[in-house]
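Engineer: Below you'll find the structure I mean.
The values are calculated or read from the model by the stated rules, or taken from the named source; none is laboratory data. Every value quoted in this text rests on a predicted model; they were computed, and no experiment measured them. A quick note on method: Cβ atoms are made from the backbone with ideal geometry, for glycine too, and the neighbour counts reach across all protein chains shown. Each accessible area value is taken on the protein alone, full model and side chains, heavy atoms only, with ligands, DNA and RNA left out. Shrake-Rupley method; radii C 1.70, N 1.55, O 1.52, S 1.80 Å.
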Amino acid sequence: MVNQPPRAPLVLDGVLYPFAARRQEYRRYTAEETSWDNFVDVRYENEILGMESETLLTAYYQDIQIEASRASLYDADNSRSSDNPIPYILDIRNPNFPTGSFEDYDFFVSLNFEKDVKSTGVGVQNVTYVTPWLITRAGIGWNQIEQDFDSGPTELNAGQDPVDQTDDGFVYNFGATFKPLPWASAFIAYGEGRTSFSLAGSLNGVSDRPDSESTNFELGFKMQDPGGRYSGGITYFETSRTNLRYNNPLFED
């Protein structure tokens, strides 16, 4: 129930039910997802100017197919189930819950769509042991996310034309770890990433929305006692994202 008219108590056929439950809603959400994933990692160890180095090459491809639907049942307070609503709960102290199956009542379909999301990416990352107390890391990658969305008919609308959207771009990260003592280290890192709009939901009839880019900066210090039983640290970080509120174009900055 929600605190909006009409409110309890309920009067049916001249009988007052002071402990009735009104404005009920039961939802049924069904979803089916299948995915195919393929990842390839190649690790290479070598030396650069006498410094030990590890290089990791990564490539991946992922295909996710989603089918989802949502339907609701209401009592007679909501006109959406006016043909065959679920019964009121006349007394919440001894509730008479609906019987039978979901399909026995007048249900309202509010969501119905199929979606295919394909993700492709490649990247390379290198870790170099410059000295026994200095380790550097640098990585760069490229990814692409392609979405195909098809909305079927619901009680709210007749559906929409299929929508497709593709986002791609480069991501990167780099950082360094300083370890002047075996039990103490400091680190600094910075990276930029990106993700596409609404990977699991609808595209709302709009193609080619800008993807969401992110930046992250981190600076910290860690230490542990010589015996290795206790450890602690402190970190400062700053993170931000773009294109969060797509319904407001003035929010782009």
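Engineer: Restricting attention to the range 33-65, and to residues there that are open to solvent by 90 Å² or more (accessible area, probe 1.4 Å) and hydrophobic (A, V, I, L, M, F, W, C), which single residue is farthest from residue 120 (Cα to Cα)?
Structural biologist: Taking the candidates together, the pick is 49.
Engineer: If you don't mind, there's one more thing I want to ask. Could you check the range 138-176 and list, in sequence order, the residues that are open to solvent by 80 Å² or more (accessible area, probe 1.4 Å), under 28 Å from residue 61 (Cβ atoms) and of a type in the set (A, V, I, L, M, F, W, C)?
Structural biologist: Once the filter is applied, which keeps residues that are open to solvent by 80 Å² or more (accessible area, probe 1.4 Å), under 28 Å from residue 61 (Cβ atoms) and of a type in the set (A, V, I, L, M, F, W, C), the range 138-176 yields 140, 170, 174.
Engineer: State yes or no: is residue 179 open to solvent by less than 30 Å² (accessible area, probe 1.4 Å) and touching a residue at least 40 places away in the same chain (Cβ under 8 Å)?
Structural biologist: no
Engineer: Right, next: Is there a residue being open to solvent by less than 40 Å² (accessible area, probe 1.4 Å), modelled with pLDDT of 90 or more, within 29 Å of the chain's Cα centre (by Cα) and not hydroxyl-bearing (Ser, Thr, Tyr) anywhere in the range 70-86?
Structural biologist: Within the range 70-86 (the criterion being open to solvent by less than 40 Å² (accessible area, probe 1.4 Å), modelled with pLDDT of 90 or more, within 29 Å of the chain's Cα centre (by Cα) and not hydroxyl-bearing (Ser, Thr, Tyr)), the answer is yes, since at least one residue qualifies.
Engineer: Can you pull out every residue in the range 8-32 that is surrounded by 12 or more Cβ atoms within 10 Å (Cβ to Cβ) and free of Cβ contacts under 8 Å to residues at least 40 places away in the same chain?
Structural biologist: Answer for the range 8-32, where residues must be surrounded by 12 or more Cβ atoms within 10 Å (Cβ to Cβ) and free of Cβ contacts under 8 Å to residues at least 40 places away in the same chain: just 8.
Engineer: Scanning for something within 30 Å of residue 139 (Cβ to Cβ) and either part of a strand (DSSP E or B) or open to solvent by 80 Å² or more (accessible area, probe 1.4 Å) (or both), does the range 96-106 turn up at least one residue?
Structural biologist: Residues of the range 96-106 within 30 Å of residue 139 (Cβ to Cβ): none.
No, every residue in the range 96-106 fails to be within 30 Å of residue 139 (Cβ to Cβ) and either part of a strand (DSSP E or B) or open to solvent by 80 Å² or more (accessible area, probe 1.4 Å) (or both).
Engineer: Which of (1) at negative phi; (2) at pLDDT below 90 does residue 159 not meet, given it meets every other one?
Structural biologist: (1)
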